[in-house]
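To keep things clear, I will list the structure first and then write my remarks on it.
The values are calculated or read from the model by the stated rules, or taken from the named source; none is laboratory data. Values in this document were obtained by computation on a predicted structure and should not be read as measured data. Methodologically, a virtual Cβ is constructed for each residue, glycine included, from the backbone with ideal geometry; neighbour enumeration extends over all protein chains shown. We work out accessible area using only protein heavy atoms, side chains counted, and drop any ligands, DNA or RNA first. Shrake-Rupley method; radii C 1.70, N 1.55, O 1.52, S 1.80 Å.
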Amino acid sequence: MPSLFPEPPVVHVLSYIHIVSPPRNLYCDHHRRPWGHTESPVNVQYMQKTQFCLRVGHLLPYPMSDSNTTVFTNPSTFILLGISGLEAAHVWISIPFCITYAIAILGNFTILFIVKREPSLHGPMYYFLCMLAITDLVLSTSILPKMLSIFWFNSREINFSVCLTQMFFIHCFSGMESGIFVAMAFDRYVAICHPLRHSTILTNSVVAKIGLAVVLRGGMLVLPSLLLVRQWPYCRTNIIPNLYCEHMAIVKLACGDIRISSYYGLFVVFFVTGVDVFFITMSYIQILRAIFSLPTKDARIKTFGTCASHLCTILAFYIPALFSSLTYRFGHHVALQFHVLMANMYLLVPPMLNPIIHGVRTKQIRDRLLHAFTRKGTKFFSWCTASQTEVHAELADDMVLGPLS
C-alpha cells in the first residue's frame, strides 16, 4: 500500500542538527509519550535521539506557513488512519461491519414501524424502546459511512468541522443511550414493584419529560468538551489513529496543556456511567427483592424474563464503552488494533443487538412481527391462489366457448 506521506527530509546528526532542504516544517516533540501506542512506520518515523531530544517524523501532510511556528488553531482536515497494520485486510474487515450496520438499520426501523402501527404498544416501555432505536440509528450512522469510505476507497481525510460534529454526535447520543437505559430500568421497577400505579406514574407527559431530560443532559455534558477541543492549538500532527473522531484522540493532537480536557472527559465518563449505573443497580435491587418474594418459581422466572433483555443490552453497551474510554487514558500497552476494534464495537454492536434482543424477548413485539409476516404471507398465498383460479377459469371458457374443430 503506498505511504500516506512523503519521505522525510535527510537529517545529518553532527555537533548540531542541520536539515537539508526541508519541504515541510519539522519540530522537536517534547510530549512525554506522543502516540506511544501508535509508533508504526505508517504514521511515525523515529530517528535516533540527540542529547537535546529530537524526534523527527511527526509531519503534517500539508504545507504550513514559512514562519518558524508550528502552532495553528484549527487544521483544515484530519487524517483517519483506520486500523493501522491491517490496511491490506480493510476490505475483508468491512464485511462484518457492513452486515452489522444493515442488521441495525433493519431491526431498529422494524421496532419503530411496529410500535407506530400497533395502538396496543403505545405505552411507556415501547416509547423508551423507540427512543433507544432512534439513538442507535444515529450512533451507527454517525460512523459507518465514513468508516466504509476508508475501507473501500481509502478516503481518510475528514474536515475539521465535520470531525467535531461527528465527535459531538457520538458522545452526545452515547450519553443519551445511557440515560434511556436508566429510564427503562425505572419503567421495569414501577411495572414490577408498583403495577397498580404504573399507568398513573408513567403518563405520556412524564415519559416526554424524561426523554427531554435525557436529550438535554447528553447535549449539555458534551458541549464543553466540544468548545475546549475547538479552541486548542494543534501542532503535533493531524493523524487520528482510529476510524472516527473520538474526543481523547483529538485532544492528544493539541500542543497546549490538555489536562482540563482530559479531566473533564474523565469526569463525564464517570459521572454519566457512575450515576446511571447506580440508579440502574438500585432499580434492579428492588426488582429482585420483589421477584424473590413471589410465591411460585414459575412466577419468579416469568417476571425475571421481562428484565433479562434489558440487562443484556446494558452489559453490551457499558462494558466496551468503559474499556474504550479508559484505554485512551491509561492503556498505553494495549495493542492499537485491538483498541480500535473495541472502540468501534461499542458503537456498532449494541445498535445491532438491541432490536434483536428486545424483538425476541418482548412477547408483544414478537407476536406483532409474526402476525405481520403471517398476514402478508397469507395475502400473498391467497393472491397466488386467486390468480391460478382465474387462469384456469379463462382456459375452461376458451375450451367450452371456442370454435369446434
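A few remarks follow.
- Helices (runs of 4 or more DSSP H) lying entirely in the range 230-332 (those with 3 or more residues that are touching a residue at least 40 places away in the same chain (Cβ under 8 Å) and either open to solvent by 20 Å² or more (accessible area, probe 1.4 Å) or in contact with a His (Cβ under 7 Å, 6 or more places away or on another chain) (or both)): 259-292, 297-330
- One residue stands out in the range 97-124 among those that are of a type in the set (S, T, N, Q) and in contact with a Leu (Cβ under 6 Å, 6 or more places away or on another chain): the one that is nearest to Arg368 (Cα to Cα), namely Asn108.
- Taking residues in the range 341-361 that are open to solvent by 20 Å² or more (accessible area, probe 1.4 Å), and partners anywhere that are modelled with pLDDT under 85 and outside any helix (DSSP H, G or I), the pairs with Cβ atoms closer than 8 Å and at least 6 places apart or on different chains are Leu341/Ile83.
- Residues that are outside any helix (DSSP H, G or I), open to solvent by less than 10 Å² (accessible area, probe 1.4 Å) and either closer than 30 Å to Arg289 by Cα or free of Cβ contacts under 8 Å to residues at least 60 places away in the same chain (or both) do not occur anywhere in the range 207-221.
Conditions (1) of a type in the set (Val, Ile, Thr); (2) within 30 Å of Met125 (Cβ to Cβ); (3) at pLDDT 80 or above, marked per residue:
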position: Ser309; (1), (2), (3): no, yes, no
position: Ile314; (1), (2), (3): yes, yes, yes
position: Tyr318; (1), (2), (3): no, yes, yes
position: Ser325; (1), (2), (3): no, yes, no
position: Leu347; (1), (2), (3): no, yes, yes
position: Trp383; (1), (2), (3): no, no, no
position: Ala393; (1), (2), (3): no, no, no
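- Meets criteria (closer than 27 Å to Tyr263 by Cα and either surrounded by 12 or more Cβ atoms within 10 Å (Cβ to Cβ) or at pLDDT below 90 (or both)) for Leu226: yes
- Close pairs (7 angstrom Cβ cut-off, 6 or more residues apart or separate chains): among the hydroxyl-bearing types (Ser, Thr, Tyr) in the range 76-93, in a loop (DSSP other than H, G, I, E, B) and open to solvent by less than 10 Å² (accessible area, probe 1.4 Å) anywhere: Thr77/Asn238; Ser84/Thr38; Ser84/Pro241
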